[in-house]
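Please read the structure below before turning to the comments.
The values are calculated or read from the model by the stated rules, or taken from the named source; none is laboratory data. Keep in mind the model is a prediction, meaning the values are calculated, not measured. As a convention, Cβ positions derive from the backbone with ideal geometry for all residues, glycine included, and neighbour counts pool all protein chains shown. Protein only, heavy atoms only, side chains kept; ligands, DNA and RNA dropped before computing areas. Shrake-Rupley method; radii C 1.70, N 1.55, O 1.52, S 1.80 Å.
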Amino acid sequence: MNTEGPVIKVEGLTVRYGDNTVLDNVSFEVRAGEIFVIMGGSGCGKSTLLKQIIGIETPAEGRIWINGTDTTELDDMELRKIHMGIGMLFQSSALFGSMTIGENVSLPLAEFTGLPADDIESIVKMKLGMVELAGYDNHFPSELSGGMKKRAGIARAMALDPAMLFLDEPSAGLDPVTSAELDVLIKKLNEGIGTTMVIVTHELETIFNISHRIIMLDREARGIIAEGDPRKLRTDSDDPRVTDFFNRRVTEKKNEGMTT
Amino acid sequence: MSAETPYTIEGTNGGDVTLVLSGRISLDIFGDLSSRIDSIFDSHTPAKLTVDLAGVDYLDSSGALFLVRLEDEAQRRSVPFNLSGMSKEKMGILSLIDRQSLSAPSLATKERPMSIVEQLGAGTVSALQDIYEVVSFSGELFYDLVYSAAHLKKVRWNDVVSYMKKVGVDGLPIVGLISFLLGLIMAFMSSLQLKQFGANIYVASLVAVAMVRELGPIMTAIIVAGRSGSAFAAEIGTMKVNEEVDALTTMGFSPMQFLAIPKVIASLLVVPVLTVFSSIFAIMGGLIVGVLGLDLTIYTYIQQTMKAIEIFDITSGLIKSFVFAMAISAIGCQRGFKVRGGADAVGNATTSAVVASIFLIIVIDSTFAIILHYI
Ligand SMILES: Nc1ncnc2c1ncn2[C@@H]1O[C@H](COP(=O)(O)OP(=O)(O)OP(=O)(O)O)[C@@H](O)[C@H]1O
Ligand SMILES: [Mg+2]
């Protein structure tokens, strides 16, 4: 992991849907070559935050820099250039239903590289092999299981070996073994290519084994309630919301709420 | 792609050859590098090939794929191959590449193109299959309608009202406008001919009879098919794709009762009303031509219109529009329930709902024409 300074900088980000403020004045940085995890309870705004960072939704307030460029001020053409260096796995996979898995992965390769078809094909096979989907290139997304779609989405996100990968719950729907294999993949890509990873996950294994830093969002706080090394936070934090999360505990308050 | 070679070769041709890579070995030069693999072996005929990566500061997975290809080629030519200067991290990237997956055959085969005879056969089978499905769906729907009639409390009346608004109220402006213009055009075109015989007054009869008997029901049905039949198919189709229909079934609802029946009932109630409006608007269009262009008074025009249409015309037109409504809503729902797969399947279902509805409208109308002729 190198320490070149932030590749992503979020400052004073506020996101509203109508009257509902989801994120309020959120600031943080992601450094180059980091495995950065965004965690927090369901509905606290993790997916929203990812979409904001990659610029497909515009913030109500605040600024976001990617590689030093303020993306909140860019027009569509300039944003597209930034998007070419980014891979994103959406929470719902968002595979193109009318294309086979192979075509889904080859789409950016064919569009942006000008490689001959057989080279593209072997890169596609390689990527599918990396996510254990070898042989599924001619299947359609509707013919795959939920976890397989997730993995195909990861293969598509890393088709161009982007410098930054955004993964929204990559291990949701995966068995522990495949999930652990995915962690290995993420770690190797991160160490070997230096890919910066921004991952939304609830998987404690992933968080403790491969992440460098985390932020934890909270729905009531509408922002970050903890930031730093998860291994330290687990033991050192005195915020019950944080320690509960790491230790899979339920607080008294929530228990009462459930029974009434 | 750079014109210069992205590597240097050291060592003696025919002996130990070292391929020195440096800088970024990435997707940008993958195509260039790969196309040079053969020439590396052909022009330097190495007895032993070493790839020196000490100077490489960026290796992505495509770069690693190039190394794998190089090694494969070396193996094929029985040339000993080794890598030097690989850091542990770069080995990690290389280890991600699973050789078996590179040559793994596809588990599903792409559809091969069919010969004309096969296409004809497949087309016929699918057309018959389609008829079968529509008929069995209609049966099911009819059963559910009867059931609903017997259990009125189980019908989701809120949905019925909301679909009545969508199909009827929201559809009225376009139905009204098109009918009005249709009446206007019909009156104008026919007046050109009828004027020559001094039969101006019959413009009113012509517009009234044509609209009430034929064009009113048909125009309304075609507009409803385009507006609402397609919407029914898209709505149910999307629910199908998102497994919402499965969820309904699992929760103990009948998708037919829950999704199809409200749409069908709403259409049955509202399409005849739209048809009446359509005729009224067309007659108003004709009236404008009659009054402004043919020097008829409003009173005589309306008088003539009333004389021209009989109760029988009105009832037969309404019955027809009732049957059209049944066909359009049933086909829309059936096409929706048939959706398998993704977004494109929803698109196909929507198109097919409109096409099939219009086809059915014509068939039903012809059938009515024949039946009414013999009554
Ligand atoms: N398009 C939208 N319109 C209105 N509200 C939205 C929209 N998208 C998200 N929200 C709201 O924003 C909040 C955060 O949603 P988000 O999808 O970011 O949650 P999340 O943290 O990713 O949750 P999960 O872990 O369940 O995926 C939720 O309260 C949701 O209701
Ligand atoms: Mg989410």
Residue among B:K110, B:K166, B:K153, B:K90 that is loosely packed, with under 15 Cβ neighbours inside 10 Å, of a type in the set (D, E, K, R) and part of a helix (DSSP H, G or I): B:K153
Those residues of segment A:185-225 which are surrounded by fewer than 21 Cβ atoms within 10 Å (Cβ to Cβ) and within 16 Å of ligand 2 (Cβ to nearest atom), in sequence order: A:H202, A:D218, A:R219, A:R222
First in segment B:296-318 and open to solvent by less than 80 Å² (accessible area, probe 1.4 Å), second anywhere and aromatic (F, W, Y), Cβ under 8 Å, 6 or more apart: B:Q304/B:Y202; B:S316/B:F368
Of the residues B:G290, B:G336, only one is assigned by TED's automatic domain parsing to the domain that holds B:I201, under 30 Å from B:F137 (Cα atoms) and open to solvent by less than 10 Å² (accessible area, probe 1.4 Å); which? B:G336
The one condition B:T351 fails out of (1) open to solvent by 30 Å² or more (accessible area, probe 1.4 Å); (2) under 30 Å from B:L194 (Cα atoms) is (2)
Can you tell me which condition A:K125 does not meet? The list is (1) facing chain B (nearest Cβ under 7 Å); (2) in a loop (DSSP other than H, G, I, E, B); (3) of a type in the set (D, E, K, R), and all the others hold. (2)
Please return the ranges of helices (runs of 4 or more DSSP H) entirely within segment A:16-120 where 1 or more residues are under 18 Å from A:T201 (Cβ atoms) and within 16 Å of ligand 1 (Cβ to nearest atom). A:46-53
Name the single residue, out of those in segment B:35-55 being within 14 Å of chain A (Cβ to nearest Cβ) and touching a Leu at 6+ places or on another chain (Cβ under 8 Å), that is nearest to A:D118 (Cα to Cα). B:I37
Qualifying positions in segment A:19-30 - open to solvent by 60 Å² or more (accessible area, probe 1.4 Å), over 19 Å from A:P6 (Cα atoms) and not acidic (D, E): A:N20
So which of A:G40, A:G33, A:G55 is within 16 Å of ligand 2 (Cβ to nearest atom) and either within 15 Å of A:R213 (Cβ to Cβ) or buried (at least 20 other Cβ atoms within 10 Å of the Cβ) (or both)? A:G40
Just name the residue that is farthest from the other protein chains (Cβ to nearest Cβ) out of those in segment A:150-173 that are without any contact (Cβ under 8 Å) to a residue 60 or more places away in the chain and within 16 Å of ligand 1 (Cβ to nearest atom). A:S171
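Residues are listed down the side, and each one gets a yes or a no for (1) within 18 Å of B:S101 (Cα to Cα); (2) in contact with a Gly (Cβ under 6 Å, 6 or more places away or on another chain):
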site	(1), (2)
A:L115	no, yes
A:S122	yes, no
A:E132	yes, no
A:G135	yes, no
A:H139	yes, no
A:S145	no, no
